[in-house]
Structures are given as C-alpha cells and as structure tokens.
Amino acid sequence: MPGSFPTAAWSCWRTLTTALLLVLTPMLAMAAESNVQQSPRATVSLVSEYAAVSPGQQLRIGLRQRLAPHWHTYWKNPGDAGSPPSIAFKAPDGATVGEIAWPGPDRFIIGPVASYGYENEIVFPMALTVPKDARPGSQLVLEADADWVVCEKECIPEEGKFRLALPVEADARPASAEILSAFKNADARQPQPSPWRASVSAGESTLQLAVEGEGIAPASVQSALYFPDSWGIVDHVADQILTVEAGRLTLATTKGQGYTPGPSAGLLAITDGGGQKRWFALELTPAATTAATTGAPATLPLWQMALFAFLGGLILNLMPCVFPVLAIKATAVAGMSGGDRREVRLSGLFYTLGVLAAFMALALALLAVRAGGSAVGWGFQFQSPLFVAAMSWLMLAIGLNLSGVFEVGGALAGAGQGLAERKGHAGSFFTGLLAVVVATPCTAPFMGAAIGSALVAPAYVSLVVFAMMGLGLALPFLLLGIFPAVARRLPRPGAWMVTLRQAMAFPMYATAAWLLWVLAQQAGEAGLRMALAGLVLVGLVAWLVGLGQYGTGKRWWPRGAAVAGVAGIAGLMVMLHGAEPQAAAAPAQSTQAEPYSAERLAALRAEGKPVFVNMTAAWCITCLVNERTTLSTAAVQEAMREHDVVYMKGDWTNRDPAITAFLQSFQRDGLPFYAFYPVGKEAVVLPPVLTQAIVTESFKQ
C-alpha cells in the first residue's frame, strides 16, 4: 500500500495538468480574436492569423463575419443594392494596415435586383506589419471602427468597435485551427491573375465579353460569371449567356446604365468540370485594341489606311498649322530660282527625307509608349508646356533669321562651295522636320481614322501608314525636283528674294504669339512669364550672334554673352519642365457646356437625354475654328435648346487619361472629335470639319 501512494499522486498531477491545458489553450488562442459584435443576423470580430507576433513580422488580420442562414454581406462592388464593409484603424506608431484584399464574390438575385457578396462565413483579409522596435513581452493593440450591411429580404446596416491585442514574443505563434481555417476559406476565393486575353464588344444595348487562351475548353468550363469592379458596367441581374469552344469563351449580357467605352477591370468566376470554383482578375480592353495587339487585322485594310494617310498628308499642305513652315519652303523655292537641276532635285529629296524622318520618329515614339502600357494621342507633344514654349522660341528665332538679324552658318561662308551645298541640304532636311512637328495638331481632321487604326495595328502597319502620311506632305516640294521644268519657271534671283524672305518672317512671329496663348492655357501666368522671359533671351541671343557676324572689332564678347543667354534659356526650360500643368481655361464663348466626364455622360444617357460631346484643345486650330464658326452660332444653340441636347466639352490641352480612353474607344487618337448620342441609340460620329447643317441635322435623329 505505501508504494501505491506515489503512483496515485502522479496520476492526480497529470489529470490536473491536462485540465489546466484544456482551459489555458483556448484562452491563449483568443488572443488572435477581438471582442465580438453580435446580432441575430451576424457575428463579427477582428481576427489575426497569429496569436502572438514578433518584431518586424508581416502577417494578416481580417474582419470576420459569420452570417445567419440566408443572410449575405457585400463585395467592393455590391451590385444593385447594399454597401461594402469599411473599416478604419487606430494603430500604434510603426504599425501599418493595408487595404482589404477582396475575396471573389457570389451573385444573389432577389426579384428584379442582383447583388455581389458572400453567405455563411467570410474573412476580409488585410496585411499588417508589426513595428520593428516592438518589445517582446509587450502587446500590439489595434483598435478599429467598422460598418457593414447585411441583407436577406431586407437590408440592415450594422457597425462595431473592435480591439485586438496581440502579445509580442520573440517567436510568432499561430492562431487556433478554427481561425486559420477561416483564413483558408477566404484564401480559396482570392482572385488569381488571368492567363488569358480578354476583350469587350459593345452593341446598342448588349455587351459581349471574349476570353481567349490555352486551357479553355467545354470540358474545363462548366459555368462562368463576370463581376465588374465598378458599378453599372453590366446589368447586374441580366443573364450572362456562356458559349465555350476550344481556346475561347464568350459571355453575352446586357449593358449596364454606367457603361462607358474603354478599358475596365473585374473578376471572372469559372466553375470547372469537377465543380471547383475559381476567380480570375481580368483587364477588359475594347475588342479593336485587343485585336491589334494579338495580330488580328485592323479595322481598315492596310491599303485604305495608306491611301487615307497619303491624301491627308497631301491636304495637310493647305492647313493653317503648316502655313508658317510653308513660308520657309517658299523662301527655299525662291532660292532655287536659276539653280541647276541637280540642286533642285537634291533640295526636294532632302526635304522629303526630313519629313519622313520626323514621321518615323513620331511613330516609333507612339509605339514605344504604347508598348509600355500608356495611352497617348496624336499631337501629344503639344500637351507639354515645355515643348510649346520651346516651339514659340524656335519660331521667334526663325523669324529673326528671316528678318536678317542673324545668319545661320554665316561663319562657314568661306569654307568652300561643297560645304555651302551641304548647308543648303541640311536646311531642306530641317525644314521637313519642322513641317511635321508643327503640323500634327492639324492632321486629325483628315487622317483620324487612319491614325486611329494604325496606332492599334501591328507595328509594321503603323510605320507604313506614317510613311505614307509623310510622303503626302512632302509631295508638292518633291515634285519640283522630279520635274525641273517647274523650277525653271520660277522668277530669276533678284532683290525681290530679300523682300520675300523678310515678309515670310511675320507668319513665324504670329505662330510664336499663338503658341504663347496655348501655353497660357496650359501653365497659367507663371508659365507665361517664363516663356516671355525666354523670348527676350532668344531675341538677345539672336542680336548678339548677328553683332558677332556683322560687327567690327572684337567679336568675342558678343559670342560670350550669347552663350550666357543660351544658358539662361536652358535654365528656363528646366523650370518649365518642373512646372505643374494647370487645368486649361476654356475659351470665352457664349456656349454653355458641361465639362466631360464618363460618369456624367452615363448618367445623362440613363436619364434619356440626348448628348453632344465636343473634344477640343487650345492647340487644335481646327477645333477653335469649328467652335467659332459653328458650335457657338445662334442656329446651333437654338437647335440644342429645341431638341433638349446636353452639350459636353472635354479639354485635351493637357493630357487627360479619361479623354484619351474616350477617343480610343472610337479608335481615334487626335482632335477634333465630335459625337452625338441620340436617346436610346449608339453614338453618331460627326466629321471633323463641321457646318451648321451637319450639326443641326444630327439632332433630328
């Protein structure tokens, strides 16, 4: 009997230890969960995947919702009703809490409405970073205010305050199996990056989503449903009709009230042949853009794009943007008077090479930006205040040169006839470059479709189209070289050439003044002051250069002062480059126009209002002419009032991604652009050169 006492004591001790562990283990695990906010509909708390954390650790916390049967809560886009959960944290210094990583939702249809959300249980996970200087033995305390909405047949908003205290230990300790299982269930819903190409095609009232790539087949796709990130892209309650074939699936559905053309994001939920459901993050692009990036044919055949580009380039010689450069060309043509045939041909050839080089450089720049994932439009360089200021300074310098203030290359005059010829050819080449640079704002009216198709087509198509555009612009001057008889009919050299040259300086001065007005719309008074200071320095440098060329005595000081002036101009360019573009001021006019926004356009269409959209810019001369001669006239304004048309205007003077997306939805990349939205119908694109009759007739649709 005495020997049995230790055995009995040990048995009692083991029983007591086990009981203590059973009591303490849940208490330790409770450190991974906050206080609970409970209602008959939902039990909500703040949970952590670790019951104890370590200094500098990265982990996840989450808002955990356990819902009563038939009740649901909401995704970030709740659909037709409801509201997504929101949570605001108060965290200690050095601790950071990230945004909710939204799990993939389900769709709930109740009568005529549909919602996106979750039933039963869900955790909304967020990343938490523990301060590196957190001391083991202390606590990391997070406080949060949250609100959410739960719905069955009725919707009830709820809210709660939570306090989560996590012990800080040298080694992190995981939470209980129950909490880890809740995180695991949420992880199973986390969207995966889509391995497929996705596009959307819009009809009058329908949308078709197309997803293409390996792994798509009737056996692997049992069902599919699209969840847009933003409200109103699709009719949430409408059926999404699935069609699956090898390498491609499509979903046909009804367009939502908030749909606007352009790229959009969302989730595609696919249930595979085994019944497993997965969510994939999609970036939908308009079908034409996707076709271009995958090598499909562009909207226009290549020969049509090339023909339109060539004709547009030819007509461009008559456009106001190119008039200042025509002055330079006229002076050059006068200089060929009495020259031999070889010089005439070479001058035309080098001018053509300059035009083609400029068009190729612009095409390559646009293609490079497109490959980098950004969207730009034709004439994009005029959206930079620095470029506009530099062009105004260049125009002034050219005007001063034509006025005789200084000569280009005068110091090389005695270097021989061969060098003089090289200088003349370089001048022709530069003239071609300059013609393209200042011409781009005027190209869109005649080449909008060709440019738009080219910029979404494969690279080789873009280069061909841009080359044809350049050939059309250069053709008149090139013909002078191909047909020398035309050059022989020019007047003989004489004093009239000096008079013509000086007269041609005034279009340069006018262009410089116009560019200053454009800059004032972009960069405001501060930018205008810097540009005016630059004009003064350009004039000073030109005078000093001329003084060094024509003056007598020591020439080193004018040249030194000119170098200092150039340094001042460079400093102004740096300041302009760092200046923040301002919202462009709308031109003063009697027309009352609403500023364009995709959301406002969608709202007006949903209200059954006809809408006229005018996309314009201060640097687009054709836009300003159309507004002055057509859109602001009494006849057009009266027609707008008669047909209850809402007039919207988008200003692209400075780069605006929303306007870029709008233009690209119509496969356009330049201005002007006009679209009229009749009630219940698709948009009607108007021609770039407007008349009162064209606009008023469109309102009768």
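Return the distance in nm (one decimal) between the two label points of a simple spin-label model at THR254 and GLN592, each offset 7 Å from Cα along Cα→Cβ.
Simple spin-label model gives 3.5 nm for this pair.
How far, in nm, would the chain grow between ARG135 and GLN549 when pulled straight, counting 0.36 nm per residue and subtracting the alpha carbon separation?
Result: 141.4 nm gained on full extension.
Could you sort the peptides 234-245, 510-521 by per-residue average Cβ neighbour count (10 Å cutoff), highest mean leading?
Highest-to-lowest ranking by the protection proxy: 510-521, 234-245.
Could I get the Rg over Rh figure for the range 193-293? Both from C-alpha atoms, Rh via Kirkwood, rounded to two places.
Value, to two decimals: 0.94.
Rg/Rh for the range 31-188 to two decimals, with Rh computed the Kirkwood way over all alpha-carbon pairs.
1.00
Highest first, please rank the peptides 356-363, 95-102 by the mean number of other Cβ atoms sitting within 10 Å of their residues.
356-363, 95-102
Report the calculated FRET efficiency for SER220 and ARG163 (r = Cβ-Cβ distance, R0 = 56 Å), to the nearest 0.05.
0.75
Restricting the count to DSSP beta bridges whose residues both fall in the range 193-293, what percent are antiparallel, rounded to a multiple of 5?
Roughly 90 percent of the beta bridges in the range 193-293 run antiparallel, per DSSP.
Working out 0.36 nm times the residue gap between HIS70 and ALA564, then minus their Cα-Cα distance, what length gain in nm do you get to one decimal?
Once the chain is fully extended between HIS70 and ALA564, it gains 170.0 nm.
What nm distance separates the two modelled labels at ALA658 and GLU121, each placed 7 Å from Cα along Cα→Cβ?
Between ALA658 and GLU121, the simple spin-label model gives 4.4 nm.
When we measure straight from the Cα of LYS649, which aspartates and glutamates land under 13 angstrom away, once same-chain ones fewer than 8 places off are left out?
Straight-line reach from LYS649, under 13 Å: GLU594, GLU627.
On average, how much area does the Cα convex hull of the range 138-249 cover when viewed from any direction, in nm²?
Answer in nm², one decimal: 12.2.
In the range 116-214, which GluC sites (Glu not before Pro) fall in coil by DSSP and have 14 or fewer other Cβ atoms within 10 Å?
GLU154, GLU204, GLU214
What is the extension gain from ASN35 to GLN637, computed as 0.36 nm multiplied by their sequence separation minus the C-alpha to C-alpha distance, in nm to one decimal?
Between ASN35 and GLN637, full extension yields an extra 210.4 nm.
Count charges around PRO157 for me, please; just the other residues with Cβ under 13 Å from its Cβ, Lys/Arg as +1, Asp/Glu as -1.
With Lys, Arg at +1 and Asp, Glu at -1, the neighbours total -3.
List the pairs from LYS153/LYS681; LYS161/LYS277; LYS153/LYS255 whose alpha-carbon separation is above 31 Å, in the order I gave them.
LYS153/LYS681; LYS161/LYS277
With no solvent and one point on each alpha carbon, what is the Debye value of log10 I(q)/I(0) for the range 594-698 at q = 0.11, 0.23, 0.25 Å⁻¹?
-0.30, -1.43, -1.63
Among 675-685, 535-545, how do they line up from the highest to the lowest mean number of other beta-carbon atoms within 10 Å?
Packing proxy ranking, top to bottom: 535-545, 675-685.
Taking the range 57-158, which trypsin sites (Lys or Arg not before Pro) meet the DSSP loop condition and have no more than 14 other C-beta atoms within 10 Å?
Answer by residue number: LYS132, LYS153.
Quick note: the coordinates plus some simple rules give every number you see, no bench work behind them. Predicted model only: the values in this text are computed from it and were never measured. All Cβ positions, glycine included, derive from the backbone under ideal geometry; neighbour counts span all protein chains shown.
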